[in-house]
Amino acid sequence: RHRTHRPPNGYVVMPDPAQSPGKESTLQSRQRLRIQTEGKYALLAGGITRQKGTIRLLEAVRASSSMNSQMRILLAGRCEDAVRDWMSQADSTIQDRVVLIDRHLTEREMSNAFAASDVVLALQLDRP
């Protein structure tokens, strides 16, 4: 059971229910996921859908010629068909910058995905 604290401003502060990645190092987690160990990763995890803004994110990566080539997007989770279709038509520039793990990940794999990442993205569109 989570204990809450209600500060005077009325907001409720609760502990993060997500489990800590544990003692896995970034390097170990990347090796376990079989992804490149060098560079930086921004993670989008869970169901990889248009509603999460995935295609807009990918279009922004494609449009950004100034994006650091060492920064990659890690899409970790089952993708909907629209995202798969978009990726299948993407050029090599995108495919070099996006790592796609298109399947349901175990809890351990998801923990490794978070530990392997430098930034976690939380995207959501207002409408499809």
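The values are calculated or read from the model by the stated rules, or taken from the named source; none is laboratory data. For clarity, every value in this text was computed on a predicted model and none was experimentally measured. Virtual Cβ from ideal backbone geometry, glycine too; neighbours counted across all protein chains shown. Protein only, heavy atoms only, side chains kept; ligands, DNA and RNA dropped before computing areas. Shrake-Rupley method; radii C 1.70, N 1.55, O 1.52, S 1.80 Å.
Arg56 - would you say it is of a type outside the set (Gly, Ala, Ser), modelled with pLDDT of 65 or more and under 12 Å from Asn112 (Cα atoms)?
So Arg56 does not fit the description; no.
What is the one condition in (1) polar (S, T, N, Q); (2) closer than 26 Å to Thr26 by Cβ; (3) surrounded by 12 or more Cβ atoms within 10 Å (Cβ to Cβ) that Thr49 does not satisfy?
Thr49 satisfies every listed condition except (2).
Being open to solvent by less than 60 Å² (accessible area, probe 1.4 Å) and either of a type in the set (A, V, I, L, M, F, W, C) or at pLDDT below 90 (or both) is the filter here; which residues of region 98-118 pass it?
The answer is Val98, Val99, Ile101, Leu105, Met110, Ala113, Ala115, Ala116.
Under 6 Å between Cβ atoms, at least 6 apart or on separate chains: pull out the pairs that start in region 83-96 with a residue that is farther than 14 Å from Arg72 by Cβ and end on any residue that is part of a helix (DSSP H, G or I).
From residues that are farther than 14 Å from Arg72 by Cβ, the pairs are Val83/Thr54; Trp86/Ile55.
Scan region 29-46 for residues that are open to solvent by less than 40 Å² (accessible area, probe 1.4 Å) and either in contact with a His (Cβ under 9 Å, 6 or more places away or on another chain) or among the polar types (S, T, N, Q) (or both) and jot them down.
Ser29
If I ask for residues that are open to solvent by 50 Å² or more (accessible area, probe 1.4 Å) and either in contact (Cβ under 8 Å) with a residue 60 or more places away in the chain or part of a helix (DSSP H, G or I) (or both), which ones from region 119-128 would you list?
Within region 119-128, Val119, Val120, Leu123, Gln124, Pro128 qualify.
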